[in-house]
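Here the structure is laid out as structure tokens; the discussion comes afterwards.
Just so it is clear, none of the values below were taken in a lab; they were calculated from the coordinates. All values derive from a computational prediction rather than experimental measurement. Because the Cβ atoms are built from the backbone with ideal geometry, glycine has one as well, and the counts that use them run over all protein chains shown.
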Ligand code: SF4
Ligand code: SF4
């Protein structure tokens, strides 16, 4: 297949293999019907074979930029092993998982070299969710992975109400030689916003404004559709293309957006880039202004202005499985 060039400026490639999950965390952005329209996001998922085909067509100019398999929980995809083993050797894969799967089967089916690269953080990053997955189970599984030659780490979000517990779990893991890292809590806890954001108003959820927005991330939905940003993915706005479309290309342009104010914290937060250097933000936003009366009316009537209409019928031309 024709290659898709992923430019130097790109800092992240997220392959959202499945937005479904085998856990039910009450704060989950994917499962919270109030915050997200997950049902409508779940268009027909790509097969493992198509995912591998899509990943193999990416020509990544930054040779240390991995493709991160994530979700939801990516390992629940029915063809997960076929997907991973279908990816060409030499492609760098990362995995974000809750590790609720059969570790022995994973180790038997996947060569550690699929998830091996030079980096300051683990290629397999396990998220610990208090009350959902058990830390002792995760520690035992992480040890098995480590013994089999995988670079694995456990991560937890420092939820304000759970700080003492997370610190205790961190100590427990570090004492057993497990790489355990803490992630910043992002979002609104009912009283205040947590996190550092480049454009504070962007996540207010209270305004809709116009802006021009350019991303440095490739966001691929379970269906293979490519979105401008996490907010578009979760809200199932119009995609900018399909990863298997022969005509799809990454354009480094500012695109018009009429829902500035409803951005997702993942896109707006100031964070570390893949070199672990702080100060990076996924999107660059310019020309923020109020909507005109006509634009607001069009938005209320669900107009897709700026992005054009996506022809889902056309998908049949390049999805065969
Ligand atoms: S493990 Fe992650 S994806 Fe699954 S329910 Fe919890 S937060 Fe959501
Ligand atoms: S302004 Fe926000 S919602 Fe619009 S494209 Fe950028 S990140 Fe996405």
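Within region 285-307, none of the residues are under 26 Å from residue 121 (Cβ atoms), surrounded by 11 or more Cβ atoms within 10 Å (Cβ to Cβ) and under 24 Å from the mean Cα position of the chain (by Cα).
Got a sec? Which of 124, 76 is surrounded by 19 or more Cβ atoms within 10 Å (Cβ to Cβ), in contact with a strand residue (DSSP E or B) (Cβ under 6 Å, 6 or more places away or on another chain) and on the phi < 0 side of the Ramachandran plot?
Details: 76 fails: surrounded by 19 or more Cβ atoms within 10 Å (Cβ to Cβ).
None of the other options fit; the residue is 124.
A residue that is touching a helix residue (DSSP H, G or I) at 6+ places or on another chain (Cβ under 7 Å), crowded, with 16+ Cβ neighbours inside 10 Å, touching a residue at least 24 places away in the same chain (Cβ under 8 Å) and closer than 20 Å to residue 197 by Cα can be found somewhere in region 237-259.
So for region 254-261 (the condition being within 18 Å of the chain's Cα centre (by Cα) and near ligand 2 (Cβ under 9 Å from one of its atoms)), does at least one residue qualify?
Looking for residues that are within 18 Å of the chain's Cα centre (by Cα) and near ligand 2 (Cβ under 9 Å from one of its atoms), one finds none in region 254-261, hence no.
Scanning region 43-76 for residues that are under 14 Å from the mean Cα position of the chain (by Cα), in a loop (DSSP other than H, G, I, E, B) and either within 16 Å of ligand 1 (Cβ to nearest atom) or closer than 21 Å to residue 103 by Cα (or both) yields 72, 73. Tell me, which residue of region 276-287 that is touching a residue at least 24 places away in the same chain (Cβ under 8 Å) and away from ligand 2 (no atom under 14 Å from the Cβ) is farthest from residue 198 (Cα to Cα)? Checked region 276-287; the qualifying residue farthest from residue 198 (Cα to Cα) is 276.
Just for helices (runs of 4 or more DSSP H) wholly inside region 97-178: which have at least 2 residues that are more than 23 Å from residue 22 (Cα to Cα)? Walk me through how you get there before you give the answer.
Values: elements: 103-109, 135-147, 163-175.
Result: 135-147, 163-175.
Checked across region 151-171, the condition of being under 22 Å from residue 109 (Cβ atoms) and either without any contact (Cβ under 8 Å) to a residue 24 or more places away in the chain or surrounded by fewer than 16 Cβ atoms within 10 Å (Cβ to Cβ) (or both) holds for no residue.
Just give me the residues in region 231-253 being within 13 Å of ligand 2 (Cβ to nearest atom) and more than 28 Å from residue 20 (Cα to Cα), in sequence order.
Within region 231-253, the first condition is being within 13 Å of ligand 2 (Cβ to nearest atom), and the residues that meet it are 231-240, 253.
Of everything in region 231-253, just one residue is within 13 Å of ligand 2 (Cβ to nearest atom) and more than 28 Å from residue 20 (Cα to Cα), namely 253.
Residues of region 181-197 that are over 30 Å from residue 152 (Cβ atoms) and buried (at least 17 other Cβ atoms within 10 Å of the Cβ): 197 alone.
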